[in-house]
Amino acid sequence: METKFESSVREIPYPQQNVYRMLSDLSHLQRVKDRVPAEHLNGLEFDADTVSMNVAPVGTISMHIIEREEPKCIKFETVSSPLPFNFWIQMLPVTETTSKMRLTIKADLNPFIRGMVSKPLQEALEKIADAIAMMNYDLQD
């Protein structure tokens with residue numbers, strides 16, 4: 001059964017285009033890698049289109065960008081994961097200098113699995129949304 005999880009909407013104090021440009025190229029993760037606690041970096045690997053990490057107790061999860069809809073949406077699907085899912089980031093302008101963002105995960109879950117993973121998955125989604133909302137989106141290269 002298809003199940004959808006959505007984060008709450010986060011305000012970001014940067015223009016939508018900056019947020020999109022940063023998040024649509026996963027190699028920008030290099031800029032924030034030193035701010036992520038070491039225990040969350042276990043096996044973190046990425047390039048422009050793919051990110052892979054070890055997530056305890058689940059195992060390795062790899063995601064690949066499958067669609068970019070500039071400047072409002074980036075869609076991912078799992079390449080390898082114990083639980084296949086799609087993930088997307090939606091960005092909307094609020095003003096010329098601010099934007100808002102929401103994360104969504106969609107997965108086919110049977111009722112038993114859904115009962116086990118719903119709460120931890122929702123909590124993880126909110127933590128990821130918090131981290132993305134706190135990133136610096138100044139685009140000096």
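Only a single criterion out of (1) loosely packed, with under 15 Cβ neighbours inside 10 Å; (2) at pLDDT below 90 is not satisfied by Ala124, namely (1). Just for the stretch 106-117: of the residues that are modelled with pLDDT of 90 or more and open to solvent by less than 40 Å² (accessible area, probe 1.4 Å), which one is farthest from Val55 (Cα to Cα)? Going through the qualifying residues, I end up with Leu109. Cβ-Cβ contacts under 9 Å between residues 6 or more apart (or on different chains), taken from a first residue in the stretch 109-134 that is farther than 17 Å from Leu23 by Cβ to a second residue that is assigned to a helix (DSSP H, G or I) and of a type in the set (S, T, N, Q), are listed as Leu109/Ser118.
Selection within the stretch 55-74: residues that are assigned to a loop (DSSP other than H, G, I, E, B) and out of contact with any strand residue (DSSP E or B) (no Cβ under 7 Å at 6 or more places or on another chain). The member of this set that is nearest to Asp25 (Cα to Cα) is Glu70.
Tell me which residues, restricted to the stretch 78-89, are open to solvent by 40 Å² or more (accessible area, probe 1.4 Å) and among the polar types (S, T, N, Q). The answer is Ser80, Asn86. Considered as a group, the residues in the stretch 1-54 that are open to solvent by 40 Å² or more (accessible area, probe 1.4 Å), charged (D, E, K, R) and part of a strand (DSSP E or B) include one that is modelled with the lowest pLDDT, and that residue is Glu45.
All conditions but one from (1) in contact (Cβ under 8 Å) with a residue 24 or more places away in the chain; (2) open to solvent by 70 Å² or more (accessible area, probe 1.4 Å) apply to Thr98; the one that does not is (2).
Let's see how each residue does on (1) crowded, with 16+ Cβ neighbours inside 10 Å; (2) of a type in the set (A, V, I, L, M, F, W, C); (3) at pLDDT below 85; (4) assigned to a helix (DSSP H, G or I):
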{"site": "Phe76", "(1), (2), (3), (4)": "yes, yes, no, no"}
{"site": "Met91", "(1), (2), (3), (4)": "yes, yes, no, no"}
{"site": "Thr104", "(1), (2), (3), (4)": "yes, no, no, no"}
{"site": "Lys119", "(1), (2), (3), (4)": "no, no, no, yes"}
{"site": "Ile128", "(1), (2), (3), (4)": "no, yes, no, yes"}
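The values are calculated or read from the model by the stated rules, or taken from the named source; none is laboratory data. What you see is a predicted model, and the numbers here were worked out from it, not measured in a lab. So basically every Cβ, Gly included, is an ideal-geometry build from the backbone, and we count neighbours across all protein chains shown. Surface accessibility is based on the protein's heavy atoms, side chains included, excluding ligands, DNA and RNA. Shrake-Rupley method; radii C 1.70, N 1.55, O 1.52, S 1.80 Å.
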